[in-house]
Amino acid sequence: MTNTPPSAASTTSPLPHSPGGDVVKVGVVGLGYLGAVHAACMAELGHEVVGFDIDERKLAALQQGRAPFFEPGLPELLARVTGGEADGSITFTTDVADLKSCEVVFVCVGTPQRKGELAADTTYVQAAFESLADVMAGPALLVGKSTVPVGTAARLADVLADRAPDLELAWNPEFLREGHAVTDTLTPDRFVLGVLSERAESQLRRVYARPIAAGTPVLVADYATAELVKTAANAFLATKISFINAMAEVCEAAGGDVKVLADAIGHDDRIGRKFLNAGVGFGGGCLPKDIRAFMARAGELGADQALTFLREVDSINMRRRAKVVDLAREACGGSFIGRKIAVLGAAFKPHSDDVRDSPAISIAAQARLQGADVVVTDPEAVANAQRLWGDLTYTEDTDEALRGADVVLLLTEWPQYVGLDPTHVASLTRGRQVIDGRNVLDAAPWRAAGFTYRALGRPNA
Ligand code: UDX
């Protein structure tokens, strides 16, 4: 089943048409979570788009108007843009030379964490720009959207100046959230344009003419600032989550309730309630690796002291996972051996099938390694989770996961888990233990149904 958050329910762009209907020939390199959404949205904004990726399976899906991963609103948007209903058009290719006549090419490839290090691996970004330098037929603007260590754009600009002086570089970071990627791309909070010339700025303003006309603010910056905006934003968000999770630790020690605390401090406009949900912490393909890469880069720049606090942000986050494993073991009576654990959720957050650095998988795997029989369920992420960690049992059927369980762990707050009827759950489980890893369940009905309810940073009574 699919759950579409209200903000992503409609993919029809609410944006006005660009003045004069200025169509830009746009290329997109890398069609992952970021690139596939960006390419489809550029077509929705009226441009003539060519999307490039080396993964033929992904391209085959996109060509047929199917999304190669779960993202609310993307299937409808792809159907529109491949079906000729959008103002622009889109084609897909595995040959980078098909981008040669594009006016603007966005590079959206990944920058994963390097194995055994904190730093980001920028090999794919470097390779993408080098292959574009080789194939582009005339003057064009190459635009980096990937999250990169500060200084990467300046280095790439030097490469372009040497190899293809007709090509100009811009850095235009992307702030989309999985689960809201389509609306975040069509109507973002802001555009950050890292450019060296007015010509580059005006090219990007042409591409984004419709959202700019609709009021999206534009900030023009140098390369370094544009790169830093993205890592700073993610570091801030990670810090905010770890702050409230640190408060959860203190609440656990002092007998306080972190949810009430978050509501109370969140009423202060200067603090705000968003990203103050305490629980198993942050995961995914961005926040964990981006704060680590940021620390590594600061170290290279001799500014490591400025970011040592991020080490603590990372540790607080990882401690929450260990805490849930401890709570689950306790709920099993001190040992996982011979116990069945039902894990509700595998994705790193709801409305996503992404399991990269998912707290849910990390906790499930720990319980399994310590001897539990762990059954994981998720409405969208089972296939991806199975590929990542085959030693767990998976089902898409919530009842099947719950049947015979000694302990129920809610680790991803999909609405169907938040809305579970505790009496129904009690009719399936062997034990009466529930651990709410996201602080989203209403404790009273669970307790009324006979469950011992435990959550993070909240009183047990
Ligand atoms: C993040 C940034 O939000 C986005 O701007 C950037 O472009 C990419 O990285 P995303 O990875 O899609 O986006 O997820 P996000 O919604 O930020 O959530 C990250 C993690 O934090 C999830 O695991 C989520 O469950 C967790 N989280 C979020 C909390 O634990 N508590 C909160 O209050 C909010």
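Just so it is clear, none of the values below were taken in a lab; they were calculated from the coordinates. All values derive from a computational prediction rather than experimental measurement. As a convention, Cβ positions derive from the backbone with ideal geometry for all residues, glycine included, and neighbour counts pool all protein chains shown.
Results, tabulated for the structure shown:
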| read-out | value |
| --- | --- |
| Label-point separation in nm, A322 to E130, each point 7 Å along Cα→Cβ | 4.1 nm |
| Dipole magnitude of the chain about its Cα centre (Cβ charges: Lys, Arg +1; Asp, Glu -1), debye to nearest 20 | 1220 debye |
| Charged-residue dipole, Cβ positions (Lys, Arg, Asp, Glu), region 101-156 about Cα centre, Debye nearest 20 | 180 debye |
| Relative contact order of the chain, pairs being alpha-carbon contacts under 8 Å that are 6 or more residues apart, as % | 13 percent |
| For region 21-221: relative contact order, % (alpha-carbon pairs under 8 angstrom, 6 or more apart) | 20 percent |
| Within the chain, helix-based [θ] at 222 nm, where runs of 4 or more DSSP H residues each add -39,500 (n - 2.57), nearest 500 | -12500 deg cm²/dmol |
| Gyration tensor verdict on the chain (Cα atoms; rounded if a/c is under 1.5, prolate if a/b is larger than b/c, oblate otherwise) | prolate |
| Zone of I265's modelled label, taken as backbone nitrogen in region 323-367 under 14 Å from a point 7 Å along Cα→Cβ | none |
| In order through region 242-253: 3J(HN,Hα) via Karplus (6.51 cos²θ - 1.76 cosθ + 1.60), integer Hz, x for Gly, Pro | 5, 4, 5, 6, 5, 5, 4, 4, 5, 4, 4, 6 |
| Neighbourhood charge, 12 Å Cβ-Cβ cut-off, centred on V96 and excluding it, Lys, Arg +1 and Asp, Glu -1 | -4 |
| Amide H partners (placed H, <5 Å) of G88, local residues excluded | G46, H47 |
| Interchain or long-range residues, amide H under 5 Å from V376's placed H | V343, T393, Y394, T395 |
| At R0 = 56 Å, FRET efficiency that the Cβ-Cβ distance of E400 and S101 yields, to 0.05 | 0.60 |
| Segment V250-S89, length gained on full extension (0.36 nm per residue, minus Cα span) | 52.6 nm |
| Gyration tensor verdict on region 21-221 (Cα atoms; rounded if a/c is under 1.5, prolate if a/b is larger than b/c, oblate otherwise) | rounded |
| J(HN,Hα) series, region 306-312, from Karplus relation 6.51 cos²θ - 1.76 cosθ + 1.60, nearest Hz, glycine and proline x | 4, 10, 4, 4, 5, 4, 5 |
| Pairwise FRET efficiency - Q63 versus V23, Cβ, R0 = 22 Å, nearest 0.05 | 0.55 |
| Label-point gap, in nm, between I337 and D55 - each point 7 angstrom along Cα→Cβ | 4.1 nm |
| Top positive-direction residue, dipole computed over the chain with Cβ charges, set G215, T94, N245 | N245 |
| 0 to 90° range, to nearest 10: angle between helix 33-44 axis and the chain longest Cα axis | 50 degrees |
| FRET efficiency for E117 and T423, using Cβ-Cβ distance with R0 set to 35 Å, rounded to 0.05 | 0.10 |
| For peptides 55-65, 105-115, sequence by mean Cβ density within 10 Å, most packed first | 105-115, 55-65 |
| Region 118-258: relative contact order in percent, alpha carbon pairs under 8 Å with at least 6 residues between | 22 percent |
| Karplus-derived 3J(HN,Hα), 6.51/-1.76/1.60, for each residue of region 350-362, Hz, glycine and proline x | x, 6, 8, 10, 7, 10, 4, 6, 6, x, 4, 5, 4 |
| Charge context of G333, other residues only, Cβ under 9 angstrom, K/R +1, D/E -1 | 0 |
| Lys/Arg +1, Asp/Glu -1 at C-beta; the chain dipole; positive extreme among A119, S146, F275 | F275 |
| Amide H contacts of F106 (H built 1.01 Å from N, under 5 Å, at least 5 apart or other chain) | G27, V28, V29, V143 |
| Fully extended contour minus Cα-Cα distance, from A383 to L301, at 0.36 nm per residue | 25.5 nm |
